[in-house]
Structures are given as C-alpha cells and as structure tokens.
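The values are calculated or read from the model by the stated rules, or taken from the named source; none is laboratory data. Since the structure is predicted, the reported quantities are computational estimates derived from the model, not experimental observations. Note: ideal-geometry Cβ built from the backbone for every residue, glycine included; neighbour counts use all protein chains shown. Accessible surface areas use protein heavy atoms only, side chains included; no ligands, DNA or RNA. Shrake-Rupley method; radii C 1.70, N 1.55, O 1.52, S 1.80 Å.
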Amino acid sequence: MLQIQLSELTKIPQIDHTNLGGRGLASLTFFVDGEWHLWVPTNAGLIRMKGWPAEGFYFAAQPESEKDGYLHFLDFIAQIGNSQGVSRPMQGLMEDFFNLSGCLKKFDLLFEYSQKDRSGVSRLVITELEYLFMVCKSIFDLLQEVVAAQWQNIKLLDETKRKRQLPETFAAVALEANRLRTEDELVARFLIPKELAAFYVRCGAFFQILRTFRDKFVHGGNSPDLVFVTERGFAVQASTKPFSLFNIWNEEHRLPNDLCSLRPAIAYLVNETLKACEDYASTIQTVIKFPPPVCPGLTFFMRGYFNEQLLMNDKVLRECLWWEDAQPIIPPDLSRQAAPVL
C-alpha cells in the first residue's frame, strides 16, 4: 500500500486529514463543483493532474453521470471502514465488481453473436458461466478478509471478554463439514455478536450453493448442463441445477419444453453476491462504532465501461427478462442507502 505523508493530504480539501486515524484512502479522485480533481502521488508529493477517469472510483456529492453506480458497502469501506488490513481485499473487491460488469457484458455480446451464427455459442456461454461462479465466490472470500481485518482491529469495551481472530475464508466461518452453522454455533465458536452471526446465517444458504457448484465446475471437471440458444436468448431447462434452486422464473416467460431464460439466473447470482456485501455493511455498523468519514458530505461512486449491465441487473431479475428485451439505463437512486444500486 502506497504511503502518503499526512502533510501532503492537506492539499486535498475534500479529505478530513485530522480524522484519518491510520485508515487507508480508497481513491484520490474527486468530482467537485462540475470539475474533476485527480491527485497522483509522486516523489515530489501529491500533484493534481488534468483528466477524468474512464474506469475507477471517486468521491462526489452527486454522480457525474447517470451511468456511474453506487454500492453502500463500497461507500462504507471507503468512508469509515478502511482500517488496517482492509485496503488489500478492498482493492480486490473493486476489481471483481468491474469483472462482474464485464462478465455481464460478454453475455450480451454472445447474444449478439448468436444472432449471426449459433454454432458453438453454447460452449462460449458455458465457459463464461464458470467464470461468473468463480468471481462471485472470490467476492465472498474477499468480503470475509474485510470482516476478519475489521474484527481484528476493534477493541472490546468489556476487556474481560475474549476476542478470537476470524478465518479469512467465508466457508471456514459459515460451514462445518459442508453443513451450515447455526447462529448459536457461530457465537460459541468464534465469540462474535449475535448480529454478526445472523449475517452469516442469512448469506450462508446462497453461499453454500455457490461454493458447491463452483467446486463442481472448477475442481470437479463438470460443466453446467446444456445451454440452449434461442431467438430470445440463452436458455436452460427449468430443472437445471443450480438455477432451479433460485426460484426466479415465472410461467409467462417460459418457452416450450420448459425452457427458461438464463439471464435472470445470472442476475440472481450477481444480485445475491452484492446483497451479501450490503448486508455486512449494514450489520457491522450496528455492532461497531466507526470513526467519522474521511470525506465528509461526499459519496463513493463507481465508474466503469460496463456499469450499464450492473445497473440493469435488478430489472432483469425482477421482470425475468430475456436478452431480446430492451435495456434502459437505471439512474442511481441515492435514497436507497440500504440497498445496492449496482
């Protein structure tokens, strides 16, 4: 992690350098009063350069573009939760969120390609599905690294109580020999508050499905079942696991032979993964008192080449869309602070 002298940070008026308390800065890019402020560390100190980000994260009072996304979890880490040990997994998470958007875009591109030539397209879709499972599983483990680092950094008010270092993989906490641990088991084994234990229970069932099928695809040499290429987009039979476990399809959108759109199944994978991050951000703030934000009055936004695909994700899942359906951009709704906009 690059070290910057505290005196240098006084050049950036948006940063409350008096309350950093050793926390990391997730970005040195700001959008203020209609202008971009990009600060770059050099041997001569921080220098402001002219330009704007094509892909990256920035602090602003409002998003510069309706295509820029917001996630409460990322804002929570960037503003108040970037304590010692958090920056590295945080960087990994930010990269994986970009990878999620790129993955969704590739499915769209494969649909466009399938309209010209359908031969072999299903194999391309299957390989991308395997990658999606890998990225979602990676996000859970990086999230757990954040949890472990934040838990390690806190001091209990009651010093007579013990605190145990948490494992750095989600499975090591949530599962016991592939069985989901109960809330009471989590509290007893890891000495964590019931609120945090309940978080693992809420996210555990989806994580178990994700992990099981990721292992089958990646380690077991098994590929997802047959993917069908139709004029409306890619489809699987309703009985295909793990997608049949998601309870996402409705009758009005099914094709003959019980074929269902793969698109909302993909959206569900992404949505549940992001929801786990959001759930943690909301839960841990009921347990731990965090310091003031590093950039008061600002919000942490995500700008990427394929943000549209993430912004569209809720609609795809809610309306059980096929790829042939229109894809309007959904502007970020900052009033929904407890739910993902991406």
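For this structure, a couple of remarks:
- For region 1-16, a tally of residues being in contact with a helix residue (DSSP H, G or I) (Cβ under 9 Å, 6 or more places away or on another chain) and either of a type in the set (Phe, Trp, Tyr) or open to solvent by 60 Å² or more (accessible area, probe 1.4 Å) (or both) returns 4.
- Among the residues here, Ala265 qualifies as crowded, with 17+ Cβ neighbours inside 10 Å, in contact with a helix residue (DSSP H, G or I) (Cβ under 6 Å, 6 or more places away or on another chain) and small (Gly, Ala, Ser).
- Candidates in region 112-148 are the residues that are touching a Ser or Thr at 6+ places or on another chain (Cβ under 7 Å) and without any contact (Cβ under 8 Å) to a residue 40 or more places away in the chain; of these, the one that is farthest from Ala281 (Cα to Cα) is Asp141.
- When Val86 is tested against the conditions (1) touching a Gly at 6+ places or on another chain (Cβ under 9 Å); (2) closer than 22 Å to Arg214 by Cβ, the lone failure is (2).
- Output for region 296-311, where each listed residue is among the hydrophobic types (A, V, I, L, M, F, W, C) and surrounded by fewer than 21 Cβ atoms within 10 Å (Cβ to Cβ): Phe306
- Residue pairs whose Cβ atoms lie under 6 Å apart, separated by 6 or more positions or on different chains, with the first residue in region 21-44 and on the phi < 0 side of the Ramachandran plot and surrounded by 18 or more Cβ atoms within 10 Å (Cβ to Cβ) and the second assigned to a strand (DSSP E or B) and basic (Lys, Arg), are Trp39/Arg48.
- Filtered residue count, region 158-183, keeping only those that are of a type in the set (D, E, K, R), in contact with a helix residue (DSSP H, G or I) (Cβ under 8 Å, 6 or more places away or on another chain) and either within 19 Å of Gln208 (Cα to Cα) or modelled with pLDDT of 90 or more (or both): 4
- Taking region 270-300 as the range and being more than 23 Å from Glu64 (Cα to Cα), part of a loop (DSSP other than H, G, I, E, B) and under 21 Å from the mean Cα position of the chain (by Cα) as the test, the residues that pass are Gln285, Thr286.
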